[in-house]
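So the structure is just underneath, and the comments pick up after that.
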Amino acid sequence: MSVITTENLTKIYNSGTTAVTALDHVNFQVQPEEFVAVMGPSGCGKSTLLHLVGGLDHPTAGQVRINGNLLTDLDDDSLTELRRRQIGFIFQFYNLIPVLSAVENAALPLMLDGMKPIEAHDRAIEWLSRFDLADRLQNRPDQLSGGQQQRVAIARALVAEPSLILADEPTGNLDTRASDEIAGLLRQVTKEWGRTVVMVTHDPRIAAYADRILFLKDGRIVDDTLLEAKNGSSYEAVTAKLKEIGD
Amino acid sequence: MSVRNALLGLLAQRPFYGYELLAALDGIAGGHDGWAINPGQIYATLERLEKSGLIAEQPANGSAPEKTTYTATVAGRQELAEWLSAPVQTNLQRDEFYIKLMLALSLEGTDPYRVIQIQRASLYQELHAVTTHRDSLDLPSGLAQKLLFDKAVMHLEADLRWLEMIETRLDDVKRQPVQQVEMRPRGRPPKSARGAKSPPQTDKP
Amino acid sequence: MNFQLTLALRYLNGRKLRALLTTLAIVFGVLVVFGMNTIIPAMMQSFQANVLAASGQVDASISLKTGDVFPVDELARVASVPGVRALTGLLDRTVNLQPNYFDHDSAAPDSVSALSVVGLDPIEVRNVHSYNIVAGRFLEENDTNAAVISQSLADNIGVGLGSDLKLPTAIGEQTLNIIGILPARAMPGNEEIYVTLSQAQGMFGMPEKINTIDANLDSLDNARRLEIQSAIQTALGSEYQIGALSSNSELLTNLQVGQTIFNVLGIMGLLMGGFIIFNTFRTVVAERRRDIGMLRALGASRKSIFYIILIEGLVQGVFGTAIGMAAGYGFSVLVLKLMGPALQTFINVQLGMPVVTLPIILASIGLGVGITLLAGLIPAVSASRVTPLEALRPTVGKLNFRRLAGLGFWAGVTMIALAVAALLTRNAGFIGAGGLLFIIGLILIAPALVSPIAALFGGLASLIFTRQGTAHLAQGNLSRQPARAAVTASATMIGLAILVTAASIITSASIGFERVLRKSLGSDYLLIPPSIGVWGSNVGSNPDFARELRAVAGVAVVSSLRFAPAQVNDLPISLMGIEPGVYGQVSGLTFSSGDESTAYAALKISRSIIVNPVLATSVGAKVGDLVDMLTPNGVKPYKVVAIGGDYLNAKIATGYVSQADIAADFGRTEDVLLQLNLTPTVDRDTAESAIKTVISRYPQYRLISGQGYIDENMQIFDVAFAAMYAVLLFLAVPSLIAMLNTLAIGVIERTREIGMLRAVGATRKQVRVIIVTEAIILAAIGTAFGLLAGLFLGYTTVETLHLAGFPMEYAFPAIGVVVTIAAGLLFGVLAAIIPARQAARLDVVQALHYE
């Protein structure tokens, strides 16, 4: 079963007299363990797509299914619960709670779900340790670098074991090195931990970490590219490229 | 890449014999993942260098009398110094995709967007492959390769951004008279523009 | 829950200063409410202890509801009730003493300022009470001028067994011989002097009268006891009460007036606190939109968000209330300690410790926590409505403000128009409601007026700070956030409006009272008892004293006041007996309905009454009405002939009747206050010394010249005036906190902007000036509005009180206005100090990166 299925997903913003169509009959599916990047010029509707898929916003028309659940059917409470258990979010500005430590931030979704603090913290520590943050557990966000904060945010997104991770410009606020690190981590999330990741980005370098890129333009999907070359191994492609630039 | 200058650089460090040079060059260029350098090319280049008086054969001593050992001459070292101090020229003007796109713009029944799309997909696939491969390398043993892969990543990134830019401006370009574009001279700039001191371009391997 | 609490605590911990200030606001309100409500009961308890201690431990203590005396015959009626085992009649009077009565030393504090004289039947009383004599003997039936006192009293005034003790009485100073000593008194309350019943009746001029019946019942079963009690009640009639005495009800009224005033102040303080919390939480929610949105995105339900904000409020409410109660208790102890000596002289109550009762604890907690919760409610709801999208696009949410503000503006204008219209109706109720409408209206129109007013004051400020070129920036900051600026300015406005209102009332009251004072105490000399206004506890004199005074050469007129406690329509009142023909010559009532000459003339007709405005308002009596007067001889109808009052009884429900009536219906012939005029030609000194000779036999009186008395009173008034201002300034402190809060938040929100200013070359000083200017403009707006609201409210309140019969006339509170303007601007600067420092210290690089 697809993790995400959309049917004619449409979103129109009404601001006063003018109506802006942010998404225009968008149809696509995302399979389990896929790492999908969503790209396109600014204002193409890529963030809107992410919001609708994450149940943060309601479509004007069309439908979204997450693991078979029709989001448009759910009331606010059920939607909240679905977000809590099946979706993890990663934001551009990390959005960590400034007054909570790394562990407490990472444990947040579990706490919200009513888990006992000790257990929730244990799970959070487990994830943070995987992300090389074992020695930063008690630090507050302002004592962490951008990359570290984003790693805490990824731990937070994963701690409730959701099947789907949605990332909105996760490297938008980071330097190249930290960006690579985070993108690699997201790839690991799909390859090693079997999650599905949908990431909005405008950075080709980061998008290239994905398995598949959806190109959006004016609210429509204009291209859907699989990045694993269909014919020929990637190895050959690499060496060929190196020769070319070596001229 | 300039095999000639690479050999000169190695021989300026210490005397090498032919096979040793091949191994050392592989070490710098990233082994078989990098350039595939054939031994014949090495020996041909060594011959030319010796003729130009930039390297000299060193008398064989002891253990391996059958192998010819070379070392850099004073002129050779001078040439090397000049090379190191001069910038490496790039040739950005020659671009096949550019030609393809311009033709697609003027040819009836061809969708330039499709041309861009295909090129973009391909570039992304390459970038994906390079990135994946680069990240699988171990530090520090793969450092040399890693740096070269980084270059590849950045070039591909630049190409992709360029495509992005073309795509956003495509409608403007379409409205321009196409003949102008077709008439534009292309190819390398004249040699004089590169400066007298620059070394002659070696042939493709 | 656990998790929300953690988060709430962390957030509070993260903004310590703000949490502290917000909590302080609650502490303030609870302090006043809790403090006042423990002080006043402490006074009442001490007072009641006096009375109860006199009656000792008995099963039933029976008295008239008015606390007045009644005939001894009533004993028989109680005795006839089945179940009454034993009973005794007592005559118990508090005797207030002039300062230095025993020690004759004005430097040393008086250890005894009031005593209870208890007249008892030496035989019968032993059936009900036991007296454990430690020296000498107990009273016997035919003892005269004999007294039994406690060891502690004896030590205090330096007497012993066999010594003589002098006491002021209605028939002149009496000398009692001490024949027995009781153990030292352990309970609070006045020391007692036991004499025989007939002795007491003679001393107070109340033959055959008692005021208390103590009875023991023959059952220990509670139901049975209640049955017997109700049987006694039936036998005696409804004018009697069984249980605690509530005599001297005018004292209770006095205390209750005070308690009410302070409760109003306390609740105002709490409301201010609530307002501040509301303000703080609104900004907290605005500040944390992104955090909240993120929590929602992560799967926090609306309910959890709601509780996070509410719990944060609750934590502050609980802390504030707890600290407030502790501080209130401390405050109460302090006040009782400080007031003790003064109160002992004025109303003869020995103060104990603050009385903390369960209801007041519950009420304080309810008010403190309740108001906090209420104030947090709307922000919590709005927080729960934050959509998860805010986490990604944090700028949404300011929509529709303009339309709302427009709506509020017109609603506000309508309210103000209604308030002014209400003023024209001259109906007390409408005017009062109009005052409230006016304030709400001002708050509503404030957002629309912030920009123009800010522009006005900004122009002024830019004249002052021309060289910095920063004033317009500060002004711009305010205009950009008119709603928040308005909320802050409103807090200041309310604080200062209270100040101006009070100033108006005090100024007007002061002028009004002075006029009444001159009128009602216009005689050449006054002979006043130790306690003014608490007539029942004063020992007066029998008519002989007035006769002796009249006989003094040079005395033209002597007028006296007699007192009896009474009830009109179940309302305890003070009844003053005057001589209709004479009273007007030395003194006078100020009439609000009816005129002087006809009123006094009408009073000569039996059972006529002049009611004072408080009484008229309380029972709704008009001229010509009949009111039901509860007398010791049952309910009698009295006809209202005029409405008017004097200074001394201005606060207490009081009726004036002829001395003939008070003697007939209440059996009172005791003069409690005398006023006299001299003939114009007489030598004052000679006359004064002659009067003093007469007075020496009646040491309960103090001779004072009329002018001297007025001066003394005006002085007291001035002190009260100043004290009142101090209390009000105290109340205005929360508005300071509110401003501080808003400014601090403004700085936090504009961190990036300030960083930019600094980066392009603004000096630390310039940044400071911007913040301070902003604060001053904000304060100026609040002050302007506060003045407007306060003057309006002051005027309406004075008018309302005037219509209700208080002797006051509107006077413009010039000093109050000056104090308010000074306080308002001072607050503006004070509130800006911390945020301005904060802003100036910002690290430029960090500020620019502030997200």
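The values are calculated or read from the model by the stated rules, or taken from the named source; none is laboratory data. Just so it is clear, the model here is predicted, and its values are computed rather than measured. Reconstructed Cβ throughout: ideal geometry from the backbone, glycine too, with neighbour counts over all protein chains shown. Protein only, heavy atoms only, side chains kept; ligands, DNA and RNA dropped before computing areas. Shrake-Rupley method; radii C 1.70, N 1.55, O 1.52, S 1.80 Å.
Give the number of residues within segment A:53-84 that are in a strand (DSSP E or B) and either over 11 Å from A:Ile4 (Cα atoms) or more than 18 Å from the chain's Cα centre (by Cα) (or both).
Of the residues in segment A:53-84, 5 are in a strand (DSSP E or B) and either over 11 Å from A:Ile4 (Cα atoms) or more than 18 Å from the chain's Cα centre (by Cα) (or both).
Yes/no per residue for (1) under 28 Å from A:Glu81 (Cβ atoms); (2) open to solvent by less than 20 Å² (accessible area, probe 1.4 Å):
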residue	(1), (2)
A:Ala102	yes, yes
A:Asn105	yes, yes
A:Gly114	yes, no
A:Pro117	yes, no
A:Asp122	yes, no
A:Asp132	no, no
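Check whether at least one residue in segment A:2-24 is open to solvent by 80 Å² or more (accessible area, probe 1.4 Å) and in contact (Cβ under 8 Å) with a residue 60 or more places away in the chain, and report yes or no.
no
Between a first residue in segment C:310-325 that is under 12 Å from C:Leu12 (Cα atoms) and a second residue that is open to solvent by 30 Å² or more (accessible area, probe 1.4 Å), which pairs have beta carbons less than 7 Å apart while being 6 or more apart in sequence or on different chains?
C:Ile311/C:Leu5; C:Gly313/C:Leu373; C:Leu314/C:Leu373; C:Val315/C:Leu9
Pick out the one residue from B:Gln93, B:Gln180 that is away from every other protein chain (no Cβ under 12 Å), over 22 Å from the mean Cα position of the chain (by Cα) and at pLDDT below 80.
B:Gln180
Can you say whether C:Arg302 is more than 8 Å from every other protein chain (Cβ to nearest Cβ) and either of a type in the set (Ser, Thr, Tyr) or open to solvent by 50 Å² or more (accessible area, probe 1.4 Å) (or both), as far as the supplied structure shows?
So C:Arg302 fails the test.
Matching residues to (1) under 25 Å from C:Ala326 (Cβ atoms); (2) open to solvent by less than 30 Å² (accessible area, probe 1.4 Å); (3) at pLDDT 75 or above:
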| site | (1), (2), (3) |
| --- | --- |
| C:Leu9 | yes, no, yes |
| C:Leu12 | yes, yes, yes |
| C:Lys16 | yes, no, yes |
| C:Leu20 | yes, no, yes |
| C:Val30 | yes, yes, yes |
| C:Met36 | yes, yes, no |
| C:Pro41 | yes, no, no |
| C:Gln48 | no, no, no |
| C:Ala54 | no, yes, no |
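Residues being in a helix (DSSP H, G or I), more than 14 Å from chain A (Cβ to nearest Cβ), under 22 Å from A:Thr225 (Cα atoms) and without any contact (Cβ under 8 Å) to a residue 24 or more places away in the chain: count how many of those fall in segment B:99-124.
The qualifying residues number 2.
Taking the conditions exactly as written (buried (at least 22 other Cβ atoms within 10 Å of the Cβ) and within 14 Å of chain C (Cβ to nearest Cβ)), does A:Val53 satisfy them or not?
The answer is yes for A:Val53.
Could you check how many residues of segment C:155-179 are surrounded by 20 or more Cβ atoms within 10 Å (Cβ to Cβ) and farther than 29 Å from C:Val694 by Cα?
So the answer is 1.
Within segment C:1-42, work out how many residues are within 14 Å of C:Ile371 (Cβ to Cβ) and either without any contact (Cβ under 8 Å) to a residue 60 or more places away in the chain or small (Gly, Ala, Ser) (or both).
2
Would you confirm whether any residue within segment C:570-583 is surrounded by fewer than 17 Cβ atoms within 10 Å (Cβ to Cβ) and under 30 Å from C:Tyr240 (Cβ atoms)?
Looking for residues that are surrounded by fewer than 17 Cβ atoms within 10 Å (Cβ to Cβ) and under 30 Å from C:Tyr240 (Cβ atoms), one finds at least one in segment C:570-583, hence yes.
Tell me which residues, restricted to segment A:69-89, are open to solvent by less than 20 Å² (accessible area, probe 1.4 Å) and within 10 Å of chain C (Cβ to nearest Cβ).
A:Leu79, A:Thr80, A:Leu82, A:Arg83, A:Ile87, A:Gly88, A:Phe89
Show the residue pairs meeting these rules: Cβ distance below 8 Å; 6+ apart or different chains; first residue within segment B:47-74 and in the same structural domain as B:Gly18 (by TED's automatic domain parsing) and more than 14 Å from B:Leu7 (Cα to Cα); second residue at pLDDT 75 or above and open to solvent by 60 Å² or more (accessible area, probe 1.4 Å).
Going by the 8 Å Cβ cut-off, the qualifying pairs are B:Ala64/B:Tyr17; B:Lys67/B:Tyr17; B:Lys67/B:Tyr19; B:Thr68/B:Tyr17; B:Thr68/B:Glu57.
Can you go through C:Leu825, C:Leu793, C:Leu787 and tell me which one is modelled with pLDDT under 80, open to solvent by 10 Å² or more (accessible area, probe 1.4 Å), among the aliphatic types (A, V, I, L, M) and over 22 Å from C:Glu514 (Cβ atoms)? Break it down into steps so the answer makes sense when it comes.
On the way: C:Leu825 fails: modelled with pLDDT under 80; C:Leu787 fails: modelled with pLDDT under 80.
The conditions single out C:Leu793.
What's the number of the only condition in (1) in contact with an Asp or Glu (Cβ under 6 Å, 6 or more places away or on another chain); (2) in a loop (DSSP other than H, G, I, E, B); (3) surrounded by 23 or more Cβ atoms within 10 Å (Cβ to Cβ) that C:Arg697 fails to meet?
Among (1) in contact with an Asp or Glu (Cβ under 6 Å, 6 or more places away or on another chain); (2) in a loop (DSSP other than H, G, I, E, B); (3) surrounded by 23 or more Cβ atoms within 10 Å (Cβ to Cβ), the lone unmet condition for C:Arg697 is (3).
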